[in-house]
Amino acid sequence: MSCYLCNSSQFRYRDGEVRDDLSLKIVECLNCGLVSLSSSNHIQTGHYESGGMHGESPASLESWLRETESDDSRRFELLKGAMTNKRVLDFGCGAAGFLRKAQTVSVFAAGVEPENRVRAHWKEQIRIHEDLSAARTDGNFDLITAFHVIEHVPDPRAMLTQLADLLAESGRLVIEVPSADDALLTLYDSAAFQRFTYWSQHLFLFNPETMRQLASQAGLRVVAIRQMQRYPLSNHLHWLSKGKPGGHQQWAFLNTDALAEAYESALAALGKCDTIIAYLEKPDART
């Protein structure tokens, strides 16, 4: 096999396993550092349309929305200023929690979500398209978001190029992805987490450098790439002590704003947060 980004054939297998498909391996390019699965052949046409990403799909959109409320609110507060009186597209909008919030401040908000039941649920309330081709009928957008989406697609470079084509002249792409350099993987070396976090639906894991390379190959300019920590210290201590997820709930007594901010700051300085957020523009975007 060769690396998706740099075509190198030099790689190593990362420790751990793909939790839902043990036949897949986790591969790290020794040249550029891109982390990927050994194959993407299991992602066939119609996979996401039928809800294949979720396996046992949530019982209802309401339960799915409850699960994503914290992230939806965080993202809304982060981007509220950029969305106010602007045209917004949320690519891979999932249950549409963020999109509902975006509607409250934007002049126009639409989503793209291939999962059929999402579009059926919101058809009278939120404009959600099946794919990017359909979204083109809405014109260009000032802000396009993709939260934990790019790592799912077999050709993320082509996907970023397509998204860039929908940007207004001075528009911006905001891409949020899980980090390949997560502290539990590369600092604490948690064997339990290494057997849990890798998933057949995550075809790629990026770090800031590989995200920069991906953006450049897609013809985009990187404005900034920032570290962000979704899971607090309580979660990490629970993994290291018990070898199980859910520490942010089981040990919630550790969850204070001050501790969360200090821990995120410490991990960010090391480049070891669990999430990276890339802010991208067309090369000729007005500053």
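Of note:
- Residues of type lysines that LYS123 reaches as a straight line, Cα spacing below 25 Å, ignoring anything fewer than 8 places off in the same chain: LYS80, LYS86, LYS101
- Where the Cα pairs of segment 66-223 fall when distances are cut into 5 Å bins, in %: 2, 8, 17, 20, 20, 16, 9, 5, 2, 0
- Atom-type composition of the exposed protein surface of segment 200-287 places 51 percent of the accessible area on carbon and sulfur (1.4 angstrom probe).
- Solitary cysteines of the chain, where the nearest other Cys Cβ is not under 4.7 Å: CYS93, CYS273
- DSSP bridge orientation in segment 1-155 - percent antiparallel, rounded to nearest 5: 35
- Percentage relative contact order, segment 131-243, counting C-alpha pairs under 8 Å, at least six apart: 28
- Net charge, ASP182 excluded, C-beta distance under 12 Å - Lys, Arg +1, Asp, Glu -1: 0
- Size descriptors for segment 81-161 (Cα atoms only): Rg and Dmax, in that order, 12.0, 34 Å.
- Segment 177-287 - percent relative contact order, Cα under 8 Å, separation 6 or more: 41
- Alpha-carbon Debye profile of segment 211-286, log10 I(q)/I(0) at 0.13, 0.14, 0.26 Å⁻¹: -0.52, -0.57, -1.12
- Only alpha carbons enter this Debye calculation for segment 247-287, each as an equal point scatterer, and the log10 of I(q)/I(0) it gives at q = 0.29 Å⁻¹ is -1.00.
- Whole-number accessible area per residue in Å² for the chain, which is evaluated in the context of all protein chains at 1.4 Å: 47
- For the chain, averaging the sequence separation of C-alpha pairs within contact (under 8 Å, six or more residues apart) and dividing by the residue count gives a relative contact order of 19 percent.
- Scattering from segment 143-252 was approximated by placing one identical point on each alpha carbon and applying the Debye formula without solvent; log10 I(q)/I(0) at 0.15, 0.20, 0.21, 0.22 1/Å stands at -0.72, -1.05, -1.12, -1.19.
- Note on the chain: Cα convex hull, mean projected area over all directions, 15.0 nm².
The values are calculated or read from the model by the stated rules, or taken from the named source; none is laboratory data. Bear in mind the structure is a predicted one, so any value in this text is a computation, not a measurement. Ideal geometry is used to build each Cβ from the backbone, glycine not excepted, and the neighbour counts take in all protein chains shown. Accessible surface areas use protein heavy atoms only, side chains included; no ligands, DNA or RNA. Shrake-Rupley method; radii C 1.70, N 1.55, O 1.52, S 1.80 Å.
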